[in-house]
């Protein structure tokens, strides 16, 4: 079997991490290989991440193997980015015998016919122990590369609004994929002593910063379902998130830690409320704890095994 990922290990982005984790979780159940594009080698079944970027391989595979099981996994780019409603995405979904979305809100973007062959598989993260010893600073952490979709400027604007708040720190982790945003981060550090841009860090180091923080800030404008949010849930770390489908699909529609997309003032107010309102902070922690069991590796592996079994026994849709 084959997993198609438009990004490989060198990119270390969400598509690659999903492909690598699924290969690992299914190691005992199937011989899965990861490729960036389908090279024409016959395979029993294919799982293709990203309906848009993998569209050519999906179309060629379906033409070569009309009866073979083909699962298309919709990512944030497919659902909420510049691809939507691109004809390539719809063609990939037409080719699919099975469709996977990574959070429940994504089902709303599908047609009735597409929903009929779709399922939700929530991604997982390992458990991370928190470090709750007394600290002199109250730290918020944001994890995500600096690019427009992640909306780093809203976090920087909130940092300016919070300038002078004693003991409050904002730790921003991620590479500057847009040099303009990297320069904005450097200016914000110069102007706001409480804001620190840490740049790109290995995943283990990012999670150590998360384990020492009081909350994750996730301010994306569009997102398929951020792994940083899942890691926060698995670390007992409350999340302050923009109200977008990708966050609502992970945290639930009734979660109290949302702010409007791009609203730096609302984000700053929410950060102060979390710091100062003990009952509010406790409610967010309780809401996150209620969601946490959904994102265990065991739960993800069980969902993947069910998908694999269904693909290998079912005729194409």
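The values are calculated or read from the model by the stated rules, or taken from the named source; none is laboratory data. In this text, all values refer to a predicted model and were calculated from it rather than measured experimentally. Backbone-built Cβ (ideal geometry, glycine too); neighbour counts: all protein chains shown.
Structure above, values below:
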quantity: From the options 250, 274, 307, residue that is in a helix (DSSP H, G or I), assigned by TED's automatic domain parsing to the domain that holds residue 27 and either touching a strand residue (DSSP E or B) at 6+ places or on another chain (Cβ under 7 Å) or within 22 Å of residue 222 (Cβ to Cβ) (or both); calculated: 307
quantity: Residue 93 modelled with pLDDT under 90, in contact with a strand residue (DSSP E or B) (Cβ under 8 Å, 6 or more places away or on another chain) and within 30 Å of residue 247 (Cβ to Cβ); calculated: no
quantity: Yes/no for residue 229 being at pLDDT 95 or above, touching a strand residue (DSSP E or B) at 6+ places or on another chain (Cβ under 7 Å), crowded, with 24+ Cβ neighbours inside 10 Å and over 19 Å from residue 299 (Cβ atoms); calculated: no
quantity: Matching helices (runs of 4 or more DSSP H) fully within the stretch 94-202 where at least 1 residues are within 18 Å of residue 213 (Cα to Cα); calculated: 152-161
quantity: Residues satisfying the stated conditions in the stretch 20-72, i.e. closer than 14 Å to residue 307 by Cα, within 19 Å of the chain's Cα centre (by Cα) and surrounded by 19 or more Cβ atoms within 10 Å (Cβ to Cβ); calculated: 22, 25, 47, 48, 72
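Yes or no, residue by residue, for (1) at pLDDT below 90; (2) in contact with a helix residue (DSSP H, G or I) (Cβ under 9 Å, 6 or more places away or on another chain):
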{"site": "13", "(1), (2)": "yes, no"}
{"site": "25", "(1), (2)": "no, yes"}
{"site": "44", "(1), (2)": "no, yes"}
{"site": "47", "(1), (2)": "no, yes"}
{"site": "54", "(1), (2)": "no, yes"}
{"site": "61", "(1), (2)": "no, yes"}
{"site": "67", "(1), (2)": "no, no"}
{"site": "82", "(1), (2)": "yes, no"}
